[in-house]
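In what follows, a structure is listed as structure tokens, so that the remarks can point back to it.
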């Protein structure tokens, strides 16, 4: 098992969803934490509020690209390649996994217990790994140093 797979397993075991895991991995790469951001993306879990709509790995990936190339201050502009990066990621994701919808990708395999705790199938772990690697590739291609954000 590689380090990323172990980190994903560990974070999942701690109760974090796919969207949160993706953002936590990216922040850890920078040696940072952001509890507010991780809490904010909790609503994107399970296909936005567990509706099985847009996959949390899609929305989480867009959040990571936005951390690097998005607008964050009044006098700041989004990066030149911002929209291109997002489109590239979404097109790759849909081609790779044949949908961007959580329900289409994992079907009924997202399981909730009586307390609302969610467990994800191995399939989600593999999607996280491939997507995390693709996000790094896209950032490097557009001259962003993954893990080196200001």
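The values are calculated or read from the model by the stated rules, or taken from the named source; none is laboratory data. If you're wondering where the values come from, they're calculated on a predicted model, not measured in any experiment. All Cβ positions, even for glycine, are placed from backbone atoms using ideal geometry, and neighbour counts span all protein chains on display.
Worth a mention:
- Per this entry, residue 131 is counted among residues that are surrounded by 11 or more Cβ atoms within 10 Å (Cβ to Cβ) and at pLDDT 95 or above.
- Count - residues of the range 15-29 that are exposed (fewer than 14 other Cβ atoms within 10 Å of the Cβ) and either in a loop (DSSP other than H, G, I, E, B) or touching a strand residue (DSSP E or B) at 6+ places or on another chain (Cβ under 9 Å) (or both): 1
- In the range 49-67, the residues that are over 8 Å from the mean Cα position of the chain (by Cα) and buried (at least 21 other Cβ atoms within 10 Å of the Cβ): 55, 65
- Single unsatisfied condition, residue 12 versus (1) assigned to a helix (DSSP H, G or I); (2) surrounded by 14 or more Cβ atoms within 10 Å (Cβ to Cβ); (3) without any contact (Cβ under 8 Å) to a residue 60 or more places away in the chain: (3)
- Single residue of the range 37-93 satisfying the filter (assigned to a helix (DSSP H, G or I) and modelled with pLDDT under 95) that is nearest to residue 104 (Cα to Cα): 56
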